[in-house]
Structure formats: structure tokens, C-alpha cells
Amino acid sequence: MRSRHYSLEPGDNPDIYAGKTPDTMKAVIAIAPEKFRDEELAEPVAALQKAGIAIEIASTRAGPCTGMLGAKVYAGVAFEDVDPKQFDGLIVVGGSGSQDFLWENSELVRLAIYFYETNRVVSAICLAPVVLARAGILKGKKATVYESQQSVFEMKKGRSLLQQEAVVKDGRIITANGPEAAKDFAAAVVAELAAGPGASRPVQKSSDDYIVM
């Protein structure tokens, strides 16, 4: 697998939302090729489509993907081929497959860092917030996760401020703790996309902030 670093360029921010409405926005949804959690994909897709926000489903490779409950979905693009400049938000879906396929995926980690650095929406649900923790972007941020011994360890290692809440928003980062929270998580993501970054400023990168795999 080839690897690349997405660097900030002068035109990347802060005006990516200038003049944008939901029907001109696009979100990329990251899923595991196997054992993603069905509801955690279905609810955001439904909410985004209702809002008129276009979507692209991405995975470790393009092709068919299977959910834990049997859903069949086609990923149109591999993570390494995603052009993050074309998207306003990133959603990382959980499920047991996220631990197996997403936690250690360096391309997805780099995408998360880029979205964070350019003040775009970065969101993850269930076990998937660990991807954000490993990217280093949860340092000092309030977040939640589906709790297992390993997921809690990873979140604390990433110096996140773990909350016992179903959905947590800190700046433009949104996390949720499992399938029961999928609908509220989806609503929070759509609301943040529609709101735009407001007075938020671009993130200044520090070599101490990110864990690059």
C-alpha cells in the first residue's frame, strides 16, 4: 500500500464553507470491509441524504463490504485514493471490524489528521473513535467510545477526556459510543456540517500533537 501525507496548503482553509449550503456539501464515510456495524452506517447515510449532503463510502479497498448484521455495501474508493479536499466531513463507522481493519490503517489516520487540521468535521462512533485517538487529534478533547479494555486503553493513551455520554461534541469533533446512539450521532454530524466552522480558526499543527503511524 502506498502512503502519503496530506499537507496544508494556503487555500485549504479557513473559507472552505464560504457560500456553502448542505446540498453542495459532501461527506466521506469510512467503513471496515467486514463487520462494520450496520446501524452506524445506515443512520448517517439516511440523515445525510435527507439533508441533501452527498456521500462517498470508502474502505481499505474499493469493493463489496459486509456488516455485522448482514448489510451489503459497496465501497466506491479505497482510503488511499480519497482526495480529502473534495469533502466537508469524515465519518468513521464502528463495529468489531473497525478494530480489526481501521485502528491501524495509516491512510485513514492521515485522513483524520487532515480533516482536523483544515477545520472540517471529524466524527467516529462505537469502537472507531480509537482511530481519532491514534491520530493524536483527541488530545485534551472530550470524547466517548464503546468501552472495552482495549478501546479505553487506546483513548487514554491518546490523552482524550473520556465522557460517559452517548454522543459528545468538542469543537468540530463528534464521537458516539455505539449503535444505540447512531441516530443522535447522525443528527449531530449533519447539524455541524450545516452550521459550518463559524468563528473557529484553522488548527496549527505541532509535532507533539499527532501520532503518525
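The values are calculated or read from the model by the stated rules, or taken from the named source; none is laboratory data. The model shown is predicted, which means the values in this text are computed figures rather than measured ones. Ideal geometry is used to build each Cβ from the backbone, glycine not excepted, and the neighbour counts take in all protein chains shown.
For this structure, a couple of remarks:
- Pick from the range 17-36, criterion of a type in the set (Lys, Arg) and at pLDDT 70 or above, ranking: nearest to Ser123 (Cα to Cα): Lys26
- Ala188 vs. criteria aliphatic (A, V, I, L, M) and modelled with pLDDT under 95: no
- With respect to (1) outside any loop (DSSP other than H, G, I, E, B); (2) small (Gly, Ala, Ser); (3) within 17 Å of Ala27 (Cα to Cα), the lone exception for Gly97 is condition (3).
Conditions (1) under 21 Å from Lys157 (Cα atoms); (2) not aliphatic (A, V, I, L, M), marked per residue:
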| site | (1), (2) |
| --- | --- |
| Leu48 | no, no |
| Asp81 | no, yes |
| Pro84 | no, yes |
| Asp88 | no, yes |
| Val92 | yes, no |
| Ile113 | yes, no |
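- Across the range 134-165, the qualifying residues are those that are among the aliphatic types (A, V, I, L, M) and assigned to a loop (DSSP other than H, G, I, E, B), and the one among them that is surrounded by the fewest Cβ atoms within 10 Å (Cβ to Cβ) is Ile137.
- Within the range 166-193, being within 20 Å of Gly95 (Cβ to Cβ) and part of a loop (DSSP other than H, G, I, E, B) holds for Ala166, Asn177, Gly178.
- Look at (1) at pLDDT 95 or above; (2) closer than 27 Å to Val145 by Cβ; (3) outside any strand (DSSP E or B) and you find that His5 fails only one, number (1).
- In a residue-by-residue description of the range 23-46, the property of being free of Cβ contacts under 8 Å to residues at least 12 places away in the same chain and not acidic (Asp, Glu) applies to at least one position.
- Residues located in the range 44-89, provided they are touching a Ser or Thr at 6+ places or on another chain (Cβ under 7 Å) and of a type in the set (A, V, I, L, M): Met68, Ala75, Ala78
- Within the range 59-81, tally of residues that are aromatic (Phe, Trp, Tyr) and out of contact with any helix residue (DSSP H, G or I) (no Cβ under 7 Å at 6 or more places or on another chain): 1
- Test result for Ile91, in contact with a strand residue (DSSP E or B) (Cβ under 9 Å, 6 or more places away or on another chain) and touching a residue at least 60 places away in the same chain (Cβ under 8 Å): yes
- The set of residues in the range 72-94 being among the aromatic types (Phe, Trp, Tyr) and not in a strand (DSSP E or B) consists of Phe79, Phe87.
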